[in-house]
Amino acid sequence: MRVVIADDEPEVVHHLKAIVEELGHAAVGYTDGNALMRTLVSDPFDLLMLDWNMPGKDGLEILKWMQETLPKQPPVMMITNRSAKKDITEALYAGAADYISKPEDRAVIAARISATLRCGAIGGAFDTEATYGNYRLNRIEQTVFVNGQIIALTAKEFELADFFFRNVNRTLSRNYLMEAIWRTTAALATRTLDMHISRVRSKLHLQPENGFRISTVFGYGYRLETIANTR
């Protein structure tokens with residue numbers, strides 16, 4: 001899964017990033033609220049670890065902005081020096097899923113990260129089955145049904161297809177796809193990405209007659225987009 005960390009102290013970002021990566025997840029960090037907001041608009045995440053006091057927009061402002069702006073919001077774990085009950089209450093009412101007062105033990109933070117990610121998955125982002133037009137994805141069997149016909153995919157092909165469908169009509173950068181699916185941004189992986197996208201496009205018949213297509217956004221990445229059937 002993909003976690004974004006926002007704290008005005010770079011050493012705290014580094015510390016939390018190390019915890020997230022030890023749990024097997026990808027992590028990116030920000031020290032400025034405005035930069036974080038720009039990223040949240042374009043890239044989906046599975047968890048946001050958010051400090052209260054930051055330059056630009058503070059944590060509470062970002063929580064309220066997310067509720068008003070983002071159609072799909074990641075669960076938010078506030079992790080901050082503020083420990084007053086009124087601050088905790090305000091953050092939870094503003095939409096935070098969890099609240100940690102600094103300093104906290106590394107093992108406790110890791111356990112709370114895992115618990116919040118599990119709750120986010122149960123909340124529906126990772127339902128065992130999902131239907132998108134003519135496509136039905138079974139996330140347990142890692143198979144896709146197209147117009148009722150089963151299509152067998154490799155594990156990585158299914159993960160890539162599932163990721164595209166969960167982010168339909170959003171442009172995803174090449175680096176973001178490689179980091180989310182292969183956990184790397186190595187240049188060598190770009191050929192692997194292109195090959196897998198070609199296979200997914202072909203195997204799933206992602207064509208206008210089936211309502212979806214994968215478009216190349218030159219110099220940036222790819223987008224799975226819905227196509228109106230005019231027949």
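The values are calculated or read from the model by the stated rules, or taken from the named source; none is laboratory data. Note that the structure is a prediction, hence the values are computed from the model and not measured. Positions of Cβ are backbone-derived with ideal geometry, glycine not excepted, and every protein chain shown enters the neighbour counts. Accessible surface is based on the protein model in full, side chains and every heavy atom, while ligands, DNA and RNA are left aside. Shrake-Rupley method; radii C 1.70, N 1.55, O 1.52, S 1.80 Å.
The table for this structure:
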item: Condition check for ILE79: buried (at least 16 other Cβ atoms within 10 Å of the Cβ), among the β-branched types (Val, Ile, Thr) and at pLDDT 85 or above; result: yes
item: Pair list, Cβ under 9 Å, 6 or more apart: segment 185-202 residue under 19 Å from LEU224 (Cβ atoms) and modelled with pLDDT of 80 or more, other residue open to solvent by 40 Å² or more (accessible area, probe 1.4 Å) and assigned to a helix (DSSP H, G or I); result: THR192/LYS156; THR192/TRP182; LEU193/ARG174; LEU193/TRP182; ASP194/ARG174; HIS196/LYS156
item: Single condition SER101 does not satisfy, out of (1) loosely packed, with under 13 Cβ neighbours inside 10 Å; (2) within 25 Å of GLU22 (Cα to Cα); (3) not acidic (Asp, Glu); result: (1)
item: Residue pairs meeting the criteria (Cβ under 7 Å; at least 6 apart or on separate chains; first farther than 17 Å from SER42 by Cβ, in segment 211-227; second open to solvent by less than 40 Å² (accessible area, probe 1.4 Å) and of a type in the set (S, T, N, Q)); result: none
item: Selection count, segment 18-55, where residues are among the charged types (D, E, K, R), surrounded by fewer than 19 Cβ atoms within 10 Å (Cβ to Cβ) and more than 13 Å from the chain's Cα centre (by Cα); result: 4
item: Hits in segment 165-178 - residues which are open to solvent by less than 20 Å² (accessible area, probe 1.4 Å) and closer than 17 Å to GLN73 by Cα; result: PHE165, ASN167, LEU172
item: Residue in segment 19-27 that is at pLDDT below 90, farther than 24 Å from PRO103 by Cα and touching a Leu at 6+ places or on another chain (Cβ under 9 Å) present; result: no
item: Pairs with Cβ under 7 Å, 6+ apart, first in segment 144-158 and without any contact (Cβ under 8 Å) to a residue 12 or more places away in the chain, second outside any loop (DSSP other than H, G, I, E, B) and open to solvent by 60 Å² or more (accessible area, probe 1.4 Å); result: PHE145/ARG136
item: Output for segment 82-105, where each listed residue is among the small types (Gly, Ala, Ser) and closer than 24 Å to THR69 by Cβ; result: ALA91, ALA94, GLY95, ALA96, ALA97
item: Test for ILE113: is it outside any helix (DSSP H, G or I) and within 22 Å of TRP52 (Cα to Cα); result: no
item: Residue ID - surrounded by the fewest Cβ atoms within 10 Å (Cβ to Cβ), chosen from residues in segment 1-17 that are in contact with a Ser or Thr (Cβ under 7 Å, 6 or more places away or on another chain) and part of a helix (DSSP H, G or I); result: PRO10
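Residue by residue, here is whether (1) in a helix (DSSP H, G or I); (2) under 25 Å from LEU172 (Cα atoms) holds:
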{"site": "THR39", "(1), (2)": "yes, yes"}
{"site": "PRO44", "(1), (2)": "no, yes"}
{"site": "LEU48", "(1), (2)": "no, yes"}
{"site": "MET54", "(1), (2)": "no, no"}
{"site": "MET66", "(1), (2)": "yes, yes"}
{"site": "MET78", "(1), (2)": "no, no"}
{"site": "SER83", "(1), (2)": "no, no"}
{"site": "LYS86", "(1), (2)": "yes, no"}
